[in-house]
There are 2 protein chains.
Amino acid sequence: MRVGIVGGGQLGRMLALAGYPLGLRFRCLEPYEDAPMAHLADLELGAYDDAEALLRFARRIDVATYEFENVHVASARQLEAHVPVFPPPIALEVAQDRLCEKTTFRELGIPVPAFAAVDSREALDAALATIGAPAVLKTRRFGYDGKGQFVIARPEDADAAWAALGGAPLILEAFVEFRRELSVLAVRGRGGEVAFYPLVENRHRDGILRVSRAPAPDITPELQALAERYATAVLERLGYVGVLAIEFFEARDDEGGVRLLANEMAPRVHNSGHWTIEGAETSQFENHLRAILGLPLGPTTPRGHSVMLNVIGTAPDIARIAAVPGAHLHLYGKEPRPGRKLGHVTVRADSAAAARAAADRVLPLLEG
Amino acid sequence: MRVGIVGGGQLGRMLALAGYPLGLRFRCLEPYEDAPMAHLADLELGAYDDAEALLRFARRIDVATYEFENVHVASARQLEAHVPVFPPPIALEVAQDRLCEKTTFRELGIPVPAFAAVDSREALDAALATIGAPAVLKTRRFGYDGKGQFVIARPEDADAAWAALGGAPLILEAFVEFRRELSVLAVRGRGGEVAFYPLVENRHRDGILRVSRAPAPDITPELQALAERYATAVLERLGYVGVLAIEFFEARDDEGGVRLLANEMAPRVHNSGHWTIEGAETSQFENHLRAILGLPLGPTTPRGHSVMLNVIGTAPDIARIAAVPGAHLHLYGKEPRPGRKLGHVTVRADSAAAARAAADRVLPLLEG
């Protein structure tokens with residue numbers, strides 16, 4: 001079975017590494033010869049939206065998926081005329097537009113921060129009047145890793161925010177006082193069966209994910225069930241197949257309880273699920289492949305406790321990381337560049353305390 | 001860092017899969033374009049002993065290793081003139097000749113079955129007179145998976161044995177009444193540090209490994225320590241770097257205790273260590289790479305209990321295997337052929353009983 005992946009980055013690379021043991025072959029559609037996945041899979045050289053390249057690509061694969069969510073929907077639909085494409089292109093459409101995404105969450109009864117579309121300077125004032133400050137002005141499309149966002153602390157910041165982002169379709173979202181960010185990794189098979197990994201706690205810096213802890217500490221069964229109920233609603237609404245990540249803000253409700261506000265979703269394997277390679281019985285990568293191939297899903301049971309730390313910007317000292325027991329290094333074959341995700345390290349241990357202690361040894365090694 | 005592997009079979013494939021996360025690149029010297037490793041690494045097309053191909057290969061790698069033990073020693077030494085080669089070629093030399101291997105074990109104080117060199121029909125009679133029947137006549141070189149062996153049940157079988165194997169240099173070994181076969185996977189780093197996986201219990205059929213259980217049941221700390229002492233002696237004698245497997249017969253000693261008789265060794269990653277991919281904190285493949293690169297060795301601690309089952313001859317029903325919780329499929333990308341190792345399945349569980357129960361579900365799926 002030949003799996004085609006649109007995009008040749010680290011997510012594609014880890015999909016291929018998980019899929020070779022299943023006897024699969026991989027081909028990526030990718031404009032750069034030295035992309036992380038190109039080292040270890042067949043390469044269809046071409047832009048992601050090049051109709052001719054897409055056609056060549058489609059002819060040499062049996063099923064298609066993608067490893068980033070900004071694949072043009074038209075390109076995904078072009079592929080769909082030739083081979084099954086999972087997740088379904090509708091999931092791209094929803095995830096690519098924050099307004100559409102938030103609206104979908106709300107329609108499904110999933111709480112979200114207050115939001116409003118902003119298409120003009122006047123609309124920004126109107127939205128601010130309704131939502132209040134602080135709030136976050138975001139581009140509706142093509143934002144990632146904190147890019148395309150402006151925090152409006154006070155109404156007077158509106159001009160600066162508009163200067164920074166005005167022109168593109170925007171959305172204003174209420175700034176949520178949240179305790180932490182949690183994400184759920186869900187997977188749905190071709191037959192409709194679903195599985196969930198335990199909630200993960202994520203810490204960002206400069207808009208980029210730095211550390212994930214899995215399973216997240218202090219999660220009640222009720223909160224896990226709530227996240228799974230929300231994810232199920234999205235999976236079913238979209239007729240989804242594959243791994244889906246949803247990021248939540250964990251916040252207090254009026255009675256002092258805990259609630260989840262959906263922030264965004266990613267219709268693909270996700271950075272906050274990298275810990276599953278060592279930390280779960282079946283990795284998110286293998287389960288994504290199982291799902292799109294129509295195979296039974298694998299157990300999502302965690303194996304002990306994991307902390308995942310991203311390697312950002314600077315090439316790490318491999319020997320010093322390898323010297324930390326339980327530290328598992330994953331480099332993506334990318335040249336160092338400031339702010340670039342070059343790899344990650346997962347430390348796995350049988351107790352949360354041991355995992356945290358090992359992570360505390362690894363963290364200084366990643367500070368460059 | 002570019003790692004060169006002589007041979008492009010499944011062991012090379014699993015080395016590459018373990019090594020990409022460390023940021024390594026792989027090139028294999030291999031005469032077949034569709035070899036298991038060729039799908040996912042750079043290929044230097046050529047015979048293993050083609051001097052020109054070896055030179056081209058050596059120029060494009062930083063360190064060399066091999067994934068089968070019948071690499072010509074002269075070829076390994078040719079590579080050594082250009083790049084570091086691990087394990088050292090002397091290990092090939094010893095492992096390629098059963099007489100040399102057994103003699104080395106004996107010199108190091110490691111018990112072995114009685115043996116004698118057999119270079120003529122008369123020498124066979126003389127050896128049989130000393131060692132007695134039953135005994136096993138084996139070719140000294142290039143035997144594997146039970147090939148090149150003839151069991152001499154009674155002295156009258158000598159003619160048939162000679163007819164089958166005579167002409168090549170041979171060795172006669174006493175037939176050992178053993179309880180089971182155990183193997184130890186040892187690894188030694190470039191700085192001389194050593195680590196050991198727990199003893200594994202192996203079951204063969206038709207001379208081919210079928211099932212490994214790890215950790216092997218009913219192993220006393222004394223027996224584990226004994227195996228490690230034996231392995232250490234071999235590692236140090238050979239100045240070894242990388243993973244070494246030694247197969248032992250577990251037999252009764254005269255006082256009713258347990259003893260280990262060394263059967264053979266493999267100077268490479270080994271089929272009885274495949275369980276370490278899921279079943280140990282660091283796989284044998286990653287530890288082999290760590291060793292030859294001079295990185296600290298990773299923990300060899302088992303994660304629960306594993307049973308590894310080889311997939312032989314017939315392509316398995318992937319979906320049915322995937323439906324067994326905790327079953328991890330590894331296919332090697334090879335065409336089915338009777339007696340051919342096509343892959344393996346490792347079932348991992350938190351208890352030995354659960355691992356065995358899952359293995360009992362997988363085994364019938366592999367009977368073709």
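For the stretch B:180-366, what value does the Rg/Rh ratio take when both radii are computed over Cα atoms and Rh is the Kirkwood radius, given to two decimals? Reported Rg/Rh, Kirkwood definition of Rh: 0.97. Computed from phi, the 3J(HN,Hα) profile of the stretch A:357-364 under the Karplus parametrisation 6.51, -1.76, 1.60 (θ = phi - 60°) reads 4, 5, 4, 5, 7, 7, 3, x Hz, with x in place of Gly and Pro. Apply 1/(1 + (r/R0)^6) to the Cβ-Cβ distance of A:THR220 and A:ASP34, taking R0 = 51 Å, and write down the FRET efficiency to the nearest 0.05. Computed FRET efficiency for A:THR220 and A:ASP34: 0.65. Residues of the stretch B:91-109 with the amide nitrogen closer than 13 Å to a label point 7 Å from the Cα of B:ARG77, along Cα-to-Cβ, please. Taking a point 7 Å out along Cα→Cβ of B:ARG77, the residues of the stretch B:91-109 whose backbone N falls under 13 Å are B:91-94. Take each peptide in A:266-273, A:333-340, count the other Cβ atoms within 10 Å of every residue, and average; sorted highest first, the result is A:266-273, A:333-340.
Once you've got the Cα coordinates, tell me which of A:LYS138/A:LYS341; B:LYS102/B:LYS334; A:LYS341/B:LYS341; A:LYS102/A:LYS334; B:LYS102/B:LYS147 are over 28 Å apart. Cα-Cα > 28 Å for B:LYS102/B:LYS334; A:LYS341/B:LYS341; A:LYS102/A:LYS334; rest within. Kindly state, to the nearest 0.05, the FRET efficiency for A:VAL151 paired with A:ARG340, given R0 = 25 Å and r defined as their beta-carbon distance. Taking R0 as 25 Å, the efficiency between A:VAL151 and A:ARG340 is 0.60.
The B and A chains share an interface that buries close to 2700 Å² of accessible area, total over both sides, probe 1.4 Å. By the equivalent-ellipsoid construction on the alpha carbon gyration tensor, the stretch A:230-306 comes out with semi-axes of 25, 17, 10 Å, ordered largest to smallest.
Rounded to the nearest whole Hz, the Karplus-based 3J(HN,Hα) values (6.51 cos²θ - 1.76 cosθ + 1.60, θ = phi - 60°) of the stretch A:57-67 follow the sequence 4, 4, 6, 10, 9, 9, 8, 10, 9, 9, 10, with x at glycine and proline.
What full-extension length gain, to one decimal in nm, is calculated for B:GLU52 and B:GLU107 as 0.36 nm per residue of separation minus the Cα-Cα distance?
So the extension gain works out to 16.0 nm.
In this structure the amide hydrogen of A:ARG340, modeled in the peptide plane, comes within under 5 Å of the amide hydrogens of A:GLY313, none closer than 5 places in sequence on its chain. Compute the Cα gyration tensor for the stretch B:114-174, then decide on rounded, prolate or oblate, letting a ≥ b ≥ c be the square roots of its eigenvalues: rounded whenever a/c is under 1.5, prolate when a/b is larger than b/c in the other cases, and oblate in all that remain. In terms of gyration-tensor shape, rounded. Here's how it looks for B:GLU67: its modeled amide H is under 5 Å from those of B:VAL6, which are all 5 or more places away or on a different chain. Distances between placed amide hydrogens fall under 5 Å for A:PHE175 paired with A:ALA135, A:VAL136, all partners being 5 or more residues away or on another chain.
Net charge near B:PRO89: determine it from the other residues with C-beta under 10 Å of the C-beta of B:PRO89, scoring Lys and Arg +1 and Asp and Glu -1. So the environment of B:PRO89 carries a net charge of -1.
The orientation-averaged projected area of the convex hull spanned by the Cα atoms of the stretch B:87-229 comes to 9.6 nm². Can you give the log10 of the normalised intensity I(q)/I(0) at q = 0.13, 0.14, 0.22, 0.23 Å⁻¹, computed with Debye over equal Cα scatterers of the stretch A:2-85? Taking Cα atoms of the stretch A:2-85 as identical point scatterers yields -0.32, -0.37, -0.96, -1.05. Overall, the ratio between the Cα radius of gyration of the stretch A:1-160 and 2.2 N^0.38 Å, rounded to two decimals, is 1.29.
Buried on complex formation within the stretch A:281-317 (loss of at least 10 square angstrom of accessible surface versus the isolated chain, 1.4 Å probe, ligands and nucleic acids ignored): A:GLU281, A:GLU286, A:ARG290, A:LEU295, A:PRO296, A:PRO299, A:ARG303. Taken along its three principal axes, the alpha carbon spread of the stretch B:153-243 comes to 49, 31, 22 Å, from the longest extent down to the shortest.
The distance from the alpha carbon centre of the stretch A:127-203 to that of the stretch B:98-148 is 72 Å, rounded to a whole number.
Return the percentage of antiparallel bridges among DSSP beta bridges fully within chain B, rounded to the nearest 5 %.
80 percent
Dividing the C-alpha radius of gyration of the protein assembly as shown by 2.2 N^0.38 Å, with N its residue count, gives 1.06. Is the shape of the stretch B:106-147 best called rounded, prolate or oblate, per the rule: a/c under 1.5 gives rounded, else a/b larger than b/c gives prolate, else oblate, with a ≥ b ≥ c the square roots of the Cα gyration tensor eigenvalues? Oblate. Residue separation of A:ARG60 and A:GLU255 scaled by 0.36 nm, minus their Cα-Cα distance, works out to 64.5 nm of gained length. 3J(HN,Hα) along the stretch A:320-337: 5, 5, 4, 6, 8, x, x, 8, 10, 8, 9, 9, 9, x, 10, 6, x, 7 Hz, from the Karplus curve 6.51 cos²θ - 1.76 cosθ + 1.60 with θ = phi - 60°, whole Hz, x for Gly and Pro.
The mean number of partner chain beta-carbon atoms within 10 angstrom of a residue's beta-carbon across peptide B:13-21 is 4. Inter-label distance, A:ARG210 to B:ALA319: 4.7 nm, where each label sits 7 Å from its Cα along the C-beta direction.
Once the convex hull of all Cα atoms in chain A is built, its volume per residue stands at 140 Å³. Over the stretch A:70-198, Cα pairs under 8 Å with separation of 6+ residues give a relative contact order of 22 percent.
The values are calculated or read from the model by the stated rules, or taken from the named source; none is laboratory data. Because the structure is a prediction, the values reported are computed rather than measured. Neighbour counts are summed over all protein chains in view; Cβ atoms, including those assigned to glycine, are modelled from backbone coordinates with ideal geometry. Heavy atoms of the whole protein, side chains included, go into the accessibility calculation; ligands, DNA and RNA do not. Shrake-Rupley method; radii C 1.70, N 1.55, O 1.52, S 1.80 Å.
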